[in-house]
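Each reported figure results from applying straightforward, stated rules to the coordinates on display, with no laboratory input. Every value quoted in this text rests on a predicted model; they were computed, and no experiment measured them. Note that we place each Cβ from the backbone using ideal geometry, even for glycine, and neighbour counts take in every protein chain shown.
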Amino acid sequence: MSQGLDSGPRRILVVDDEPAMRDTLSILFRRESYGVEVASGCQSAIRSIREADTPFPVVLTDLRMPDGDGFEVLEAAKRHNPATEVIVMTAYHEHAYDAMRRGAYDFVAKPFPSLREVVERVGKAFEKATIVAENELLRARVGESILRPWVAQSPAMRKILDIIDKVAATRTTVLITGESGTGKERIARLLHDRSDRASAPFLVVNCGALPEALIESELFGHEKGAFTGASSKHVGLLREAEGGTLLLDEIGDLPIPLQVKLLRVLQERKVRPVGASTEFDVDVRILAATNRNVDEQVAAGTFRRDLFYRLNVIRLELPPLRERREDLPMLVEAFVRRFGAEQGKAARTVSKDAFRRLNAYPFPGNVRELENVIERAVALADGAVIGVSDLPDEVACASVMPGPAGIELPEQGCNLDDVLGTVERQLLLQALDRAGSVRKAAAGLLGISFRSMRYRLSKHGIDVGDDAPDSEVTDEEPPSSERQELSPAVRKR
């Protein structure tokens, strides 16, 4: 990454082994308000480049010198700071073109056509160097702000972020896998935003949400009249994302015929729209994501092995939230801050008890579910602290729901009867949900009689389903076989 240019006089390094030429150029650029430093040869120029407090925006160097050549100065300048623009002075045009192929900004023919032309070329080089340096600085700041929400404590996520930092600037294909809700699309967006394609389009297509014929048209485009309904020409996402990034979400659902066409795009960087006789070059970075086990799909023959190898150059396997509990405090804080700002709410913190419930809940929907839970909690919170009552029932009861390993006695103690009652109510609701609100079926899932099921529902005020025969309705007294199961706190006196 280029370093910042100083805010003082415009600086230039003039390199020439002829004293008269150095003096002439030095006087010329000082009159133009440049800060000028001179070097009498290749090696002294390289030392000046390396030892400068801030990089030179522009280096003007002779090509042929006794202790080296301008190519060495060019390489040293670019290695030290890619934003430095180098102009080569030479009487040999073939060498000048070679210098530009190696990264020189421009060349000036010797003898000079005019000193004014030299000043103008240096001025343009300085403008470009300044713009490039400012863009690099801006990109670095934007990159930091993009990455900041992803700062993680868990080893798995830290490893993923390290890989992103290394491969974001490349055009390498990346396969992102993980359960639904783990943030695959957000990771893809992070890869795009951290790359030099950030100013170009970032497009997403869900390969599992469209029929095969429509996916082909969406990806590759089509000509007018290519099929029924094709009343106009369509460019296709691969060409719409030119210079940018295309995320193929749910790549595991892509039909085999389209897998073949996609493989050709990855190999040859060419696209042929449906109904077209010509191909078009494309410059687009392909990212793929799926919550399926692609390795199993390859083994089963439902996903092409050659395409898998092309997509699986870099693989990022996102861990479920239950396996990265170290990141929960950071995620909760980020979501509370975000939704508090969006909703204009004062909620800024989560109570210790509420966080214990969040920490105990397994979050089958992963980060997406956590995001929804916090959005709801912020909306319901009356003050600056989110409490247990602001959480959904399934989360509020989570400290006792996961089983013995997930139960934690609060510091202030608890009412055992209340806790057991909460567990019972939650299991009743889950059984009814799984049984489609059929009470008899729910009773079977819980291993209790239908009469006991009716009693417990009545005790907890749950009015879901209504499939009980009249003769079996007993709301006032539990069956005698069930009385011993009730705690003293809920027995009839």
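Odds and ends about this structure:
- Whole-Å distance, taken between Cα centres, linking region 267-326 and region 413-450: 44 Å
- Sequence-separation-based contact order of region 323-406, relative, with Cα cut under 8 Å and 6+ spacing, percent: 35 percent
- Cβ crowding within 10 Å ranks Ser231, Ser351 as Ser231, Ser351, fewest other Cβ atoms first.
- Residue (of Ile286, Leu248, His222) at the positive-pole extreme of region 208-291, dipole from beta-carbon charges: His222
- The packing ranking of peptides 438-449, 24-35, 181-192, highest mean first, is 181-192, 438-449, 24-35, where packing means the average number of other beta carbon atoms within 10 angstrom of each residue.
- Per-residue Cβ neighbour counts within 10 Å put Val235, Val378, Val274 in the sequence Val235, Val274, Val378, beginning with the fewest.
- Considering only Ser195, Asn206, Ser180, and ranking their Cα positions along the charge dipole of region 162-223 that arises from unit charges at the beta-carbon of Lys, Arg, Asp and Glu, the one farthest toward the positive end is Ser195.
- Each residue of region 200-207 was assigned a 3J(HN,Hα) from its phi angle through the Karplus expression (A = 6.51, B = -1.76, C = 1.60, θ = phi - 60°), giving 9, x, 10, 10, 10, 10, 8, 5 Hz with x at Gly and Pro.
- Across the cross-link table entries Lys166/Lys270; Lys184/Lys261; Lys128/Lys166; Lys166/Lys352; Lys159/Lys270, which are compared at the Cα atoms, the separations over 30 Å belong to Lys166/Lys352; Lys159/Lys270.
- Spin-label pair Ala379/Ser40, simplified geometry with 7 Å Cα→Cβ offset, distance in nm: 7.7 nm
- Within region 296-384: Cβ-based charge dipole about Cα centre, in debye rounded to nearest 20 (Lys, Arg +1; Asp, Glu -1): 60 debye
- FRET E, pair Arg102, Thr170, Förster distance 22 Å, beta-carbon r, rounded to 0.05: 0.50
- Stokes-Einstein D for region 157-319, Kirkwood Rh over Cα pairs, 37 °C, 0.692 mPa s (µm²/s): 204 µm²/s
- Cβ-placed point charges (K, R +1; D, E -1), dipole of region 242-301 about Cα centre in debye, nearest 20: 200 debye
- Contour excess over end-to-end distance, with Cα ends at Val260 and Arg434 and 0.36 nm allotted per residue: 58.5 nm
- For region 10-139, a simple Cβ point-charge model (Lys and Arg +1, Asp and Glu -1, everything else neutral) yields a dipole of about 300 debye relative to the Cα centre.
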